[in-house]
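The values are calculated or read from the model by the stated rules, or taken from the named source; none is laboratory data. Keep in mind that what you see is a predicted model, and the values were worked out from it rather than measured. Ideal geometry is used to build each Cβ from the backbone, glycine not excepted, and the neighbour counts take in all protein chains shown. Areas reflect the complete protein model, heavy atoms only, side chains present, ligands, DNA and RNA absent. Shrake-Rupley method; radii C 1.70, N 1.55, O 1.52, S 1.80 Å.
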Amino acid sequence: MLVDIDPVTFTMDPAKLEAAITPRTKAILPVHLYGQTADMDPILAIAKKHGLLVIEDAAQAHGAEYKGRRAGSLGDMACFSFYPGKNLGAYGEGGMVTTSNAGYARKIRMLRDWGAEKKYHHVLKGYNFRLEGIQGAVLRVKLKYLEKWTEQRRAAAARYDAAFAGTAVRAPKALAHNRHVYHIYAIRTTQRTAWMDALGAQGIQSGIHYPFPVHLLPAYEDLGYKAGDFPESERAANEVMSLPMFPELTEAQTATVAAAVLDLASGRAAKKTG
């Protein structure tokens with residue numbers, strides 16, 4: 001079962017979670033989207049009430065915090081991605097599962113290595129998900145710089161926030177008790193295509209994360225959902241656009257991007273080209 005998002009954070013809306021639980025539900029998978037954790041206290045409380053596991057999707061949340069606790073330490077397990085574009089990225093594919101449960105850790109280690117606890121002794125039907133040594137070496141070096149890069153992202157986001165404050169630009173909101181790490185800096189507009197085209201014409205790249213809500217993808221037609229079932233997710237999929245965001249983003253670059261977006265939001269860009 002799926003749960004609609006909170007329109008402010010783009011993460012799971014805890015108020016809609018309990019109604020989605022069925023006798024077949026085994027776990028809750030909150031996604032820490034764009035670099036901000038989901039509202040975990042009510043999610044964990046509901047999970048405890050129903051005897052469910054909580055598995056965090058922390059693929060975009062390296063270093064993010066919820067009330068002083070790091071993403072990856074909040075649920076029973078958490079999954080991180082080391083895809084090259086992530087805040088902590090390898091030189092190729094990679095990922096990690098974190099847990100404080102020794103039993104889960106043992107089973108995960110077996111599953112990633114053909115279900116074997118020792119060579120040729122296969123306990124489970126597993127897979128070949130072992131991280132390549134070279135990827136681990138790259139990640140160990142880059143990990144030393146993660147906090148510095150995170151603060152650089154947060155500083156760039158703060159500059160965007162300051163530029164957009166009090167304007168018509170619908171900027172992302174970080175909850176007061178969260179440490180947002182801004183894997184993505186996503187704004188919202190009902191004129192997304194026009195805005196992206198206009199920014200592109202000025203040499204400013206933007207992106208869409210993500211253009212389709214899960215319940216409307218062909219792969220999940222078997223779930224039986226239809227358009228209108230998750231209105232906030234659908235609205236976000238139609239409105240969200242990502243502005244440039246990376247640790248090395250300079251003050252001049254953020255100022256240039258912000259000025260171009262403000263022109264679009266105010267209608268000045270149309271007047272300039274009209």
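Couple of notes before you dig in:
- The residues of segment 123-175 that are touching a residue at least 12 places away in the same chain (Cβ under 8 Å), of a type in the set (Lys, Arg) and part of a helix (DSSP H, G or I), listed by number, are 142, 148, 153, 154, 159.
- Looking across segment 177-207, just one residue is of a type in the set (Ser, Thr, Tyr), closer than 15 Å to residue 253 by Cβ and open to solvent by 20 Å² or more (accessible area, probe 1.4 Å), and that is 206.
- Count of residues meeting criterion [polar (S, T, N, Q) and out of contact with any Leu (no Cβ under 7 Å at 6 or more places or on another chain)] in segment 147-171: 2
- Condition check for residue 242: among the small types (Gly, Ala, Ser) and under 25 Å from residue 88 (Cα atoms): yes
- Of the criteria (1) assigned to a loop (DSSP other than H, G, I, E, B); (2) in contact with a strand residue (DSSP E or B) (Cβ under 7 Å, 6 or more places away or on another chain); (3) of a type in the set (Ser, Thr, Tyr), which one residue 25 fails: (2)
- Inside segment 77-92, residues that are touching a strand residue (DSSP E or B) at 6+ places or on another chain (Cβ under 9 Å), assigned to a loop (DSSP other than H, G, I, E, B) and either touching a residue at least 40 places away in the same chain (Cβ under 8 Å) or of a type in the set (A, V, I, L, M) (or both) make up a count of 4.
- Pairing residues of segment 15-32 that are open to solvent by less than 90 Å² (accessible area, probe 1.4 Å) and of a type outside the set (Val, Ile, Thr) with residues that are part of a loop (DSSP other than H, G, I, E, B) and modelled with pLDDT under 95, at Cβ distances under 9 Å and at least 6 apart in sequence or on separate chains, gives 20/1.
- Scanning segment 115-172 for residues that are open to solvent by 70 Å² or more (accessible area, probe 1.4 Å), under 23 Å from the mean Cα position of the chain (by Cα) and closer than 30 Å to residue 103 by Cα gives 129, 131, 140, 143, 144.
- Members of segment 232-255 that are closer than 25 Å to residue 7 by Cβ and open to solvent by 60 Å² or more (accessible area, probe 1.4 Å): 235, 238
- For segment 33-71, filtering for residues that are assigned to a strand (DSSP E or B) and either crowded, with 20+ Cβ neighbours inside 10 Å or not charged (D, E, K, R) (or both) leaves 6.
- Residue 220 being open to solvent by 80 Å² or more (accessible area, probe 1.4 Å), at pLDDT 95 or above and more than 16 Å from the chain's Cα centre (by Cα): yes
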